[in-house]
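The values are calculated or read from the model by the stated rules, or taken from the named source; none is laboratory data. All figures in this text were calculated on a predicted structure; none of them were measured in a lab. Quick reminder, even Gly has a Cβ in these numbers, built from the backbone with ideal geometry, and neighbours come from all protein chains shown. Keep in mind that these areas ignore ligands, DNA and RNA; they rest on the heavy atoms of the full protein, side chains included. Shrake-Rupley method; radii C 1.70, N 1.55, O 1.52, S 1.80 Å.
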Amino acid sequence: MTDVTVVGSIFMDLICYADRLPKPGETLGGTDFQTGYGGKGANQCIAAQRLGIKTAFVGKLGKDAYGKEYYENFLSEGVSVEGITLEDNVPTGVASIMVGTDTGENFIIIAEGATKLVTPSYVKEAGEALISSSKLVVCQLEIPHESSLTALRLAKQHGVPTIFNPAPAVSGLPKEIFQLCDHIILNETEAEIISGLEKIQDQLGLEQAIEKLKELGCTNIILTLGSDGALVWDNSRKSYERFQAPKVKAVDTTGAGDCFVGAYAACIARGDELSTAVRNAIANASDSVQRKGTQKSFPYKIEIFLIDC
Ligand code: ADP
């Protein structure tokens, strides 16, 4: 039996660094180039798998050099790959990233490639058996939205609990998507877009955003707050709880949210209480920001249980 099935995106990150970002039309000499394994779905799957649970992934790669390399990455991490297809005649999805090291700002273009072909029918065909035999299903919004909805519907039909990370966020999602998720995990920007509230400033604003999410049909709501940890609405206790993150020296926060979602999923799948899962997710995500890279920075079975934070 699989603990967690993740239905989502796989992107190869191609990162060029320069002293500053180029202007339109300008060719600029860079200072460094790196590739990295990315895509929110894949990141969350790897973060969960590294905590010692069994994960499976449903998604697509191109049958090209990046696709083959990424497939090997899933295998070497121990993820079940029967839900992953390498497609002919389509490139693996890439995120082309430029970073200006003077300000740390970036430009990102995502070319979805094979990830765009993760259609609702593919999710049903390649994912239903995995979903129905899992303890938990996780999805985001980097595949066609109808496909995430399909994954959530299939999970519900089979009585499997779900986690939804509405990222990248868009407004106007169908209400059904919120009603189908047992846990929604989102950051402040995503909460603003989905709730329709302008710049959230304080605890009151955060609680107003959560109230909007409840109106949409969400039950357990986890709002991540970067170095400030998380604010949680626990539906079984009908109460808010604030969780602090440990003070750490953050060197790269890319993928922190994905690390959080993956660790939270691993904890819920093995039966942790919601509050324990949040504490562990914070511990893992806050550990990851102390190292460079995305998947590269995710901890292996760190389990900083009930860290005093
Ligand atoms: P996202 O990466 O989606 O924007 P957040 O910035 O809210 O998400 O971060 C997710 C989690 O990562 C936080 O709840 C926290 O545990 C951890 N985290 C992020 N930034 C920091 C930081 N500067 N110091 C400590 N923990 C951090």
Just to verify a number: FRET efficiency for Ile108 and Ser133, C-beta to C-beta distance, R0 = 41 Å, to 0.05?
0.70
Taking the Cβ-Cβ separation of Lys247 and Asn89 as r and a Förster radius of 51 Å, what is the calculated FRET efficiency to the nearest 0.05?
0.55
Can you work out the Karplus-derived ³J(HN,Hα) for every residue in the stretch 238-250? Use 6.51 cos²θ - 1.76 cosθ + 1.60 with θ = phi - 60°, whole Hz, and x for glycine or proline.
6, 8, 8, 9, 9, 10, 8, 9, x, 6, 9, 8, 7
Take peptides 213-222, 170-179, 3-12 and line them up by average Cβ neighbours within 10 Å, highest first, as a rough protection proxy.
3-12, 213-222, 170-179
Relative contact order (percent, whole number), the chain, Cα cutoff 8 Å, 6+ residue spacing
18 percent
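Return the calculated 222 nm mean residue ellipticity for the chain, to the nearest 500 deg cm²/dmol, obtained by summing -39500 (n - 2.57) across DSSP H runs with n ≥ 4 and dividing by the residue count. It would help to have the intermediate numbers written out before the result.
On the way: 9 runs with 105 residues, N = 309.
My calculation for the chain gives -10500 deg cm²/dmol from helical runs alone.
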What's the center-to-center distance, using Cα atoms, between the stretch 93-129 and the stretch 240-260 in Å?
23 Å
Most mobile of Val79, Val248, Val90 in a GNM of the chain (Cα contacts under 10 Å):
Val248
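What's the ranking of 149-158, 190-199 by average number of surrounding C-beta atoms within 10 Å, highest first? Write down the numbers at each step before the final one.
Numbers: 149-158: 20.8, 190-199: 17.0.
Going by the mean number of other Cβ atoms within 10 Å, highest first, we get 149-158, 190-199.
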Accessible area per residue of the stretch 89-137 at 1.4 Å probe, in Å²?
51 Å²
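With a ≥ b ≥ c the root eigenvalues of the C-alpha gyration tensor of the stretch 202-309, is it rounded (a/c under 1.5), prolate (a/b larger than b/c) or oblate?
prolate
Express the relative contact order of the stretch 211-264 as a whole percentage, based on alpha carbon pairs under 8 Å and six or more residues apart in sequence. Don't skip to the end; give the middle numbers.
Details: 50 pairs, mean separation 12.0, N = 54.
Value for the stretch 211-264: 22 percent.
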First check a/c for the chain, with a ≥ b ≥ c the square roots of the eigenvalues of its C-alpha gyration tensor; if it is under 1.5, answer rounded, and if not, answer prolate when a/b is larger than b/c or oblate otherwise.
rounded
